[in-house]
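The values are calculated or read from the model by the stated rules, or taken from the named source; none is laboratory data. All figures in this text were calculated on a predicted structure; none of them were measured in a lab. Here the Cβ positions follow ideal geometry from the backbone for every residue, glycine too, while neighbour counts run over all protein chains shown.
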Amino acid sequence: MNSKAKCTGFEPTLGLSRRQWLNRFGMGLGTIALSNLLRPTATSATASGNQEFKRTAPPKAKRVIYLFQSGGPSQMDLFDYKPLLNKVHGQQLPDSVRKGQRLTGMSGHQSSLPLVGSPFKFKQHGKSGAWVSDLLPYTSQIVDHCCFIKSMHTEAINHGPGVTMLQTGSQFPGRPSMGAWLSYGLGNENENLPAFVVLITKNKGGQPLFSRLWGSGFLPGKHQGVRLRSGAEPVLYLNNPAGVDRQSRRAMLDALNELHQQTLAQNGDAQLETRISQYEMAFQMQSSIPEVTDFKDEPDYIFEQYGPDARKPGTYAANCLLARRLIERDVRFVQLYHQGWDQHSNLMGGIRNQCRETDQATAALVLDLKQRGLLDDTLIIWGGEFGRTNYCQGKLMPKNFGRDHHPRCFTVWMAGGGVKPGTSYGQTDDYCYNIDEDSVHIHDFHATILHLLGIDHEQLTYRYQGRRFRLTDVHGHVIKPVLA
């Protein structure tokens, strides 16, 4: 190359030879790779060349915050009050209740399945009279905003398939996550932030979380969730490499855009337009991400409302506050994961710690959104991948016991975003083992969430390997009684 040759619209950084600049530019390619994680400006399923979906009605919810409690919270120790279990504490699980249903390998070999009542006290709260245990004193104050679904069930009996089912609608890896479906179907409302953001409580033990849980599956990669980490670098590879300033990055993107436009004019590859838009998103995020993750403009009363952990980046409380800041800036879907609900033993101590970490901030998020006028069009979801057994895993001790996985019935709740507040839907039997009324499958749950966002779940599809896939697979019904 002639040393005097110029790349149109771009000059190397002052003081660097062209070879040196190219070497540094190569180091910055990791930043460009970030583009595959990001969603550019607003598009829809139609614009992406796939199938147009039909709106069910004007959306009640514009955005979603999903507070996923990974591990399987014990429904009969939190929300599903079963006094009979305390009366029959220590007795064997009746065959007439179990009905031959399979157990996990962790308790299926036990010769004894002793029933365990909850050691925690329950009271009714609010005008709705919802039952909540004393583990959740803050959540008990927001029950009139909540819609409890106590009859959730799933086929998955272990964590990997269970979490994958809740997040993607299938027990098998490879399907798009719910947030990816919404990004694909509804697009992005903010040019400077992704449509789908993931937050994970730091330093928590428990079942592992894999990036495929917020992945795009067979949808274009730009729809997968972008994980924000606590610390100085919330998004990896977002910052400029040493020696490249923001002005140089801007010039590089302009030059790259010019090359893409020339190629686009020659072969009509629409993905090139998408790619340059993603580069632009990464560039804009260099300023938008530091701004949204900086809490210095939050008043003291907000930190007091969310609890002392709200000042500690990466905690559940701080992530709840960050979720509110993200949806204020029109991020469409925020997925928050909190691990550690898998109490196979020492349930009394373990679940108490989990509730202490999450209860205050969860309630604060709902009340904060309500106070700001955002709850009506923001859907809050709280729940895990399945419930826990009414019998003890292992030997039942006076002050120590555990519960195994139970997919036959468990509780989730929703608030805001068009759900009917102060209600409870579905009913389990007196043993909290089977569903007596109004069962809700995962696909029904997903169909209802999409309906609240104005989407017909049967219409939002993507053609892949000769078949049109959807979040709800081949079945699912909207749970109309929970709609406001």
Subject >> strands (runs of 3 or more DSSP E) lying entirely in segment 78-158 (those with 2 or more residues that are loosely packed, with under 15 Cβ neighbours inside 10 Å) >> reply: 122-125
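For every residue, the table says whether it meets (1) in contact (Cβ under 8 Å) with a residue 12 or more places away in the chain; (2) within 20 Å of the chain's Cα centre (by Cα).
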| residue | (1), (2) |
| --- | --- |
| LYS60 | yes, yes |
| TYR66 | yes, yes |
| SER70 | yes, yes |
| SER74 | yes, yes |
| LEU84 | yes, no |
| ASP95 | no, no |
| GLY100 | no, no |
| GLY105 | no, no |
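So that you can scan it fast, the table gives a plain yes or no per residue for (1) more than 21 Å from VAL440 (Cβ to Cβ); (2) not in a helix (DSSP H, G or I):
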site	(1), (2)
GLY340	yes, yes
SER345	yes, yes
GLY349	yes, no
CYS355	yes, no
ASP359	yes, no
ARG388	no, yes
LYS395	yes, yes
Original post:
in a helix (DSSP H, G or I), over 30 Å from ASP404 (Cα atoms) and either under 18 Å from the mean Cα position of the chain (by Cα) or touching a residue at least 40 places away in the same chain (Cβ under 8 Å) (or both), is that true of HIS443?
Top reply: no
**OP:** State whether one or more residues within segment 179-189 are modelled with pLDDT of 95 or more and closer than 30 Å to MET106 by Cα.
**Re:** no
Subject >> Looking only at segment 342-367, and only at residues there that are acidic (Asp, Glu) and closer than 24 Å to PRO407 by Cα, the one that is surrounded by the most Cβ atoms within 10 Å (Cβ to Cβ) >> reply: ASP342
**OP:** Please find, within segment 397-409, the residue that is surrounded by the most Cβ atoms within 10 Å (Cβ to Cβ) out of those that are modelled with pLDDT under 95 and outside any loop (DSSP other than H, G, I, E, B).
**Re:** ASN400
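Can you name every residue in segment 361-386 that is more than 24 Å from GLY454 (Cα to Cα) and outside any loop (DSSP other than H, G, I, E, B)?
ALA361, THR362, ALA363, ALA364, LEU367, ASP368, GLN371
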Subject >> Residue list for segment 425-469, restricted to those being more than 27 Å from CYS392 (Cβ to Cβ) and small (Gly, Ala, Ser) >> reply: ALA447, GLY454, GLY466
**OP:** Find all pairs meeting these conditions: Cβ atoms under 7 angstrom apart; at least six residues apart or on different chains; first residue within segment 466-484 and in contact (Cβ under 8 Å) with a residue 24 or more places away in the chain and hydroxyl-bearing (Ser, Thr, Tyr); second residue surrounded by 15 or more Cβ atoms within 10 Å (Cβ to Cβ) and part of a helix (DSSP H, G or I).
**Re:** THR472/HIS443; THR472/HIS446; THR472/ALA447
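Could you count how many residues in segment 210-227 are under 13 Å from the mean Cα position of the chain (by Cα), surrounded by 21 or more Cβ atoms within 10 Å (Cβ to Cβ) and not in a strand (DSSP E or B)?
Adding up the residues that qualify gives 5.
To keep it simple, each residue is scored yes or no on (1) at pLDDT 95 or above; (2) more than 25 Å from ILE327 (Cα to Cα).
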position	(1), (2)
THR13	no, yes
GLY30	no, yes
ALA45	no, no
LYS60	yes, no
ASN86	yes, yes
GLN91	yes, yes
THR104	yes, yes
GLY108	no, yes
Subject >> Top-ranked residue in segment 209-234 [being more than 19 Å from ARG470 (Cβ to Cβ) and out of contact with any Gly (no Cβ under 9 Å at 6 or more places or on another chain); ranked as modelled with the lowest pLDDT] >> reply: ALA232
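Residue by residue, here is whether (1) modelled with pLDDT of 75 or more; (2) under 17 Å from ALA195 (Cβ atoms); (3) assigned to a loop (DSSP other than H, G, I, E, B) holds:
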position: ASN239; (1), (2), (3): no, no, yes
position: GLU258; (1), (2), (3): yes, no, no
position: TYR279; (1), (2), (3): no, yes, no
position: GLU298; (1), (2), (3): yes, no, yes
position: PHE303; (1), (2), (3): yes, no, no
position: ILE327; (1), (2), (3): yes, yes, no
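Just for segment 159-208: of the residues that are in a helix (DSSP H, G or I) and over 15 Å from the mean Cα position of the chain (by Cα), which one is surrounded by the most Cβ atoms within 10 Å (Cβ to Cβ)?
GLY185
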